[in-house]
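A quick write-up on the structure given underneath.
The values are calculated or read from the model by the stated rules, or taken from the named source; none is laboratory data. The structure presented is a predicted model; accordingly, all values stated were derived computationally and were not measured. In this analysis, Cβ positions are derived from the backbone assuming ideal geometry, glycine residues included, and neighbour counts consider all displayed protein chains. Keep in mind that these areas ignore ligands, DNA and RNA; they rest on the heavy atoms of the full protein, side chains included. Shrake-Rupley method; radii C 1.70, N 1.55, O 1.52, S 1.80 Å.
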Amino acid sequence: GAQGAKRLGIPGEEADGVLDGITFLRSGREGRPLQIGERVAVVGAGDTAMDCARTARRLGAAVTILYRRTIDQMPADREEVRAMLEEGVTVEELALPVRLRAKEGQLAGVVCTRMEYRGQRDAGGRKVPVAVEGSEYELPFDTLLLAVSQHAVLDFFDGPQPALTKGGCLACDPETLQTSLPG
């Protein structure tokens, strides 16, 4: 599977307290959970984000999912969303993190821009959120778990590297499914 966590690419991600969701979940599963603060934000809306939120909640944190769309647009399994809400996780809908604020190197807050729907839909039929100009606001958090996507870790190739898609996956011929590497 895709084991490399993607980042948001926003200012402040280097702060202590910003963790990738895959590492957080793996550490917990292995019986050595990572230290998190009392106020945890999760960015993402897929099954990995739901798992991160529920795990952090079970560790005693107050957990909020920051999502640029609304709950009904979340790609996570509906049962996962229902269970996450039942466990007391809150969702900050229509919120797009744009930068992180740190105090002495430690995450202190997430600055978000408010999003809204204006009628556009993407190729998959989901509503397209648009940033509301001048709507930035900050929410205080000690820990930020990134669960926005993963990419394949392809460090096992010796010699020539295969061609990749924009998303970091192996590029394959659509007819033959052959990669750029012979054999």
message: Out of all DSSP beta bridges in the chain, what portion is antiparallel? Express it as a percent rounded to 5.
response: 55
- line: Which residues qualify? For ARG99, with a placed amide H closer than 5 Å and at least 5 residues away or on another chain, they are VAL111
statement: Taking placed amide H atoms and a strict 5 Å upper bound, the residues 5 or more places from ASP20 or on another chain that come that close are LEU146
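With +1 on each Lys and Arg Cβ and -1 on each Asp and Glu Cβ, and nothing else charged, work out how big the dipole of segment 1-112 is about its Cα centre, in Debye to the nearest 20.
Charge dipole, segment 1-112, about its Cα centre: 180 debye, nearest 20.
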statement: In whole percent, the fraction of accessible protein surface over the chain that belongs to carbon or sulfur atoms, probe radius 1.4 Å, stands at 50
task: Alpha carbons only, please: Rg and Dmax for the chain, in angstrom.
output: 18.1, 54
query: Of the peptides 110-118, 78-86, how do they stack up when ordered by the mean number of other Cβ atoms within 10 Å, highest first?
result: 110-118, 78-86
field: Choice from ALA62, ALA53, ALA147 showing the highest fluctuation, given a GNM over the chain with Cα pairs closer than 10 Å
entry: ALA62
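With every protein chain left in place, what is the accessible area per residue of segment 19-111 in square angstrom, probe 1.4 Å?
Here the residues of segment 19-111 average 48 Å² of exposed surface.
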- prompt: Which distance in Å, rounded to a whole number, links the C-alpha centroids of segment 106-134 and segment 26-99?
  reply: 18
message: I want to verify a result. In a Gaussian network model of the chain, Cα cutoff 10 Å, which of these has the top mean-square fluctuation: GLY124, GLY37, GLY28?
response: GLY124
statement: Non-local residues with an amide H under 5 Å from the amide H of ILE65, with H modelled 1.01 Å from N and Pro and chain starts lacking one, are VAL42, THR90, VAL91, GLU92
